[in-house]
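Here the structure comes first, spelled out in structure tokens, and everything after it is commentary.
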Amino acid sequence: METVLRLWFCHIMSFYFSVTAAVIGRVLPKTHRFPILIPIFDSILSLYFRFCNLCPCTVDLDDQTTVHFWAPTHRRFSKPNLVIIHGYGGNAKWQFALQVRQLAESFNLYVPDLLFFGESHSRRPDRTVAFQAECVAEGLKGLGVRRSSVYGISYGGFVAYRMAEMYPDAVERVVIVNSGIASTADQRAEQMVRLKKMGRENAVDVFLPAKPDDLRLLVNQSFSKCDPLKWVPDFILREVITVMYTPNRKEREELLDYLLTNKDHGTHRPRRISQEVLLVWGESDKIFPLEFGQLLQRYLGANKARLEVIEGAGHAVNLESASSLNSFIKTFLLHSDSPCREANYINLA
């Protein structure tokens, strides 16, 4: 009943927000070409993250690469460290807005923007998942974080897994959500066939939308329980595309190409990692279907990896079922024999 009421409330709020936005769109001059509403909402998200005891900071890894984090304003020894890594769309604020409050209550939370998303950038030509993992790990070292658990969703799951592989002494436990890490070449080929059936020639057309119809398709493929863009007018979607998907577009295309061609490990699956792993999957995920999670669990071994399935959720399980996902994460990371804790305080404000 609670879920039904929540969905009903979301539909109503989406409708009224969209009507209000449409009225504003009619009032704005026809010459309006620069985003207004989305930057305002982005600023509100920044204030909300601060309310959750997080503050923005940047770490210069060298003269070519800078990684942006949301990090604890006060890091406490009584809490374990947790790094949460966003997926391919948008930035960390937009993807984790519904999770950070609950997680920040239980963890020293570190929320990086991956390179070419949000405020992280690099002039280096490296587009590998390994480089993303290295930058997050080195950024954490710059913030004084020696050990942590890592949670990654979708593309962020690839990065989290690679961090665990490359830095086994720094990563204690791993949470992977809706990520095709152990996918085979045949499975990736099947996904490309499915994209073509939707009228898209390649993954870039879906994951890097260039027009409102593209964004509607991406959201439709990501959500299962509702369509959050049902009443959203096109002019707002164009703002979203301008703000979220236009910057660093070339570099993001290169990241996606590298991932889809599986160049990090050729035709082979990634190496098995030593850490305990929690896998969480949306039952109705259309991007990386549940069979991908089952495959990864079999690959890692049932004694090493546990798979939890969230009923009715799609790929955007972090937005559709944030409370359930947080509950799985906290149970896995907090109720253990050797939690990762650092006995010190740090003030980043």
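Some notes on this structure:
- Filter result for the condition that a residue is among the β-branched types (Val, Ile, Thr), at pLDDT below 95, more than 25 Å from residue 82 (Cβ to Cβ) and assigned to a loop (DSSP other than H, G, I, E, B), over 243, 232: 232
- Selection of region 143-201 for residues being in contact (Cβ under 8 Å) with a residue 40 or more places away in the chain and basic (Lys, Arg) yields 146, 147, 162, 173, 188.
- Residue count for region 206-235, restricted to those that are touching a Phe, Trp or Tyr at 6+ places or on another chain (Cβ under 8 Å), within 24 Å of residue 290 (Cβ to Cβ) and surrounded by fewer than 17 Cβ atoms within 10 Å (Cβ to Cβ): 0
- Region 132-184 - residue that is of a type in the set (Asp, Glu) and under 19 Å from residue 300 (Cβ atoms) and, of those, surrounded by the most Cβ atoms within 10 Å (Cβ to Cβ): 172
- Of the residues screened, residue 213 is not one that is at pLDDT below 95, more than 28 Å from residue 240 (Cα to Cα) and either of a type in the set (A, V, I, L, M) or not in a loop (DSSP other than H, G, I, E, B) (or both).
- Among the helices (runs of 4 or more DSSP H) confined to region 119-207, the ones with at least 1 residues that are more than 24 Å from residue 278 (Cβ to Cβ) and modelled with pLDDT under 95 are located at 185-197, 203-207.
- Hits in region 59-79 - residues which are over 22 Å from residue 129 (Cα atoms) and surrounded by fewer than 22 Cβ atoms within 10 Å (Cβ to Cβ): 73, 74, 75, 76, 77, 78, 79
- Checklist (1) surrounded by 15 or more Cβ atoms within 10 Å (Cβ to Cβ); (2) outside any helix (DSSP H, G or I); (3) modelled with pLDDT of 90 or more applied to residue 272, failing item: (1)
- All told, residue 120 meets the bar of being among the small types (Gly, Ala, Ser) and crowded, with 20+ Cβ neighbours inside 10 Å.
- Residue 235 being within 21 Å of the chain's Cα centre (by Cα) and in contact (Cβ under 8 Å) with a residue 40 or more places away in the chain: no
- Residues that are loosely packed, with under 14 Cβ neighbours inside 10 Å and modelled with pLDDT under 60 within region 25-58 comprise 26, 27, 28, 29, 30, 31, 32, 33, listed in sequence order.
- Taken over region 67-118, the criterion of being in contact (Cβ under 8 Å) with a residue 40 or more places away in the chain, outside any strand (DSSP E or B), touching a strand residue (DSSP E or B) at 6+ places or on another chain (Cβ under 6 Å) and not aromatic (Phe, Trp, Tyr) is satisfied by 73, 79, 87, 103, 113, 115, 118.
The values are calculated or read from the model by the stated rules, or taken from the named source; none is laboratory data. Here the structure is a predicted model, which is why all the values come from computation and not from measurement. Please note: Cβ atoms are built from the backbone with ideal geometry, for glycine as well, and neighbour counts cover all protein chains shown.
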